[in-house]
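The next block holds one structure in the form of structure tokens; read it before the comments.
The values are calculated or read from the model by the stated rules, or taken from the named source; none is laboratory data. Just so it is clear, the structure is predicted and the values come from calculations on it, not from any experiment. FYI the Cβ positions are ideal-geometry reconstructions off the backbone, even for glycines, and counts take in every protein chain you see. These area figures cover heavy atoms from the full protein model, side chains too; ligands, DNA and RNA do not enter into them. Shrake-Rupley method; radii C 1.70, N 1.55, O 1.52, S 1.80 Å.
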Amino acid sequence: DTAKRTGATLTPARHDRGLSTEIGTNQDANGNTLDGKKRRRLSRIRREHSRSRWRSKQERNLGHGLTEIRRIASALGLSDSVRDQACQLFRTAQDQQLLPGRSIEAMAAASVYGACRCNGQSWLIADVAPMAKVTQDRVENAYRVLNEELGLPTPPVQPTQFVPRLASELGCTDAVRRRAEQLAAQAVDAGVTTGVHPAGFAAGCLYIAACAHEAPLTQADAAAAAEVTVDTVRNHRDRLLSVVE
């Protein structure tokens, strides 16, 4: 007979892929409240179970890293698919011996950012790093190692990816957002977005679109949303006006 199992679906988001046993606390299988003696016994069993949960330091590090990834992914509102990809990326990094000498928290954050990049999402490393318990430069270093050693299939980040998010943060109308997306697409086609700050360029597109629709958006507000300087938005605006119709 073919082996069968019950329970939750296997997931890469946990070190044991979801096969661990969870010991209850105050109720039995029928939902009845346990007496004090049985609760104390379960407490002792849980304590021993927790001590024996990790079979090695490597497994303990994996569990800690995946917990960090789940926490960061939840804070960013990422989908389960992207979260699971980040977890698999962390596993691969550990298998390739990329963790020794590096912070587990930094590698976990870098794995989340790498998964976002591989899926074409508009998160910057500056968005992910504050969620980690380490400095941004350590996350940047960990991501650089992941990218170089594993050859991540990360497409170039385009300004078009940032327009919807910035438009939402700035409270722009749908008409302004659509016009900004058109401007960003025209700029990409014209080849003037190479080497630019993608979020800053998107902010410039939104500023021009807002002006065209007489919407109340200042360069300062657009710059603040994109986390760039006003001069950056102004420079991108000028570059954009030189190529768009």
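Residues in the stretch 211-245, backbone N under 19 Å from the label point at A190 (7 Å along the Cα-to-beta-carbon vector): list them, ranges by number please. Counting backbone N atoms under 19 Å from the label point, the list is 211-213, 232-245. Solvent exposure of T232, expressed as accessible area, is near 40 Å², computed with a probe of 1.4 Å over the protein chains only. Full extension of the chain between R71 and R102 gives 9.2 nm of extra length, using 0.36 nm per residue less the Cα-Cα distance. Computed with every protein chain present, the accessible area of K37 is close to 140 Å² [probe 1.4 Å]. The value given for the stretch 67-150 is a Kirkwood hydrodynamic radius of 12.1 Å, derived from the mean inverse Cα-Cα separation. Taking the average, over residues, of other Cβ atoms within 10 Å as the packing measure, peptides 211-221, 67-77 rank 67-77, 211-221 from highest down.
So if we plug the beta-carbon distance of T33 and D80 into 1/(1 + (r/R0)^6) with R0 = 22 Å, what FRET efficiency do we get, rounded to 0.05? The calculated FRET efficiency here is 0.05. Once the other residues with Cβ under 14 Å from the Cβ of T92 are scored (Lys, Arg +1; Asp, Glu -1), what is the net sum? Result for the neighbourhood of T92: -3. Taking every protein chain into account, the accessible area of the stretch 159-242 amounts to 47 square angstrom per residue (probe 1.4 Å).
For K57 and T135, a Förster radius of 30 Å and the Cβ-Cβ distance give a FRET efficiency of 0.75, rounded to the nearest 0.05.
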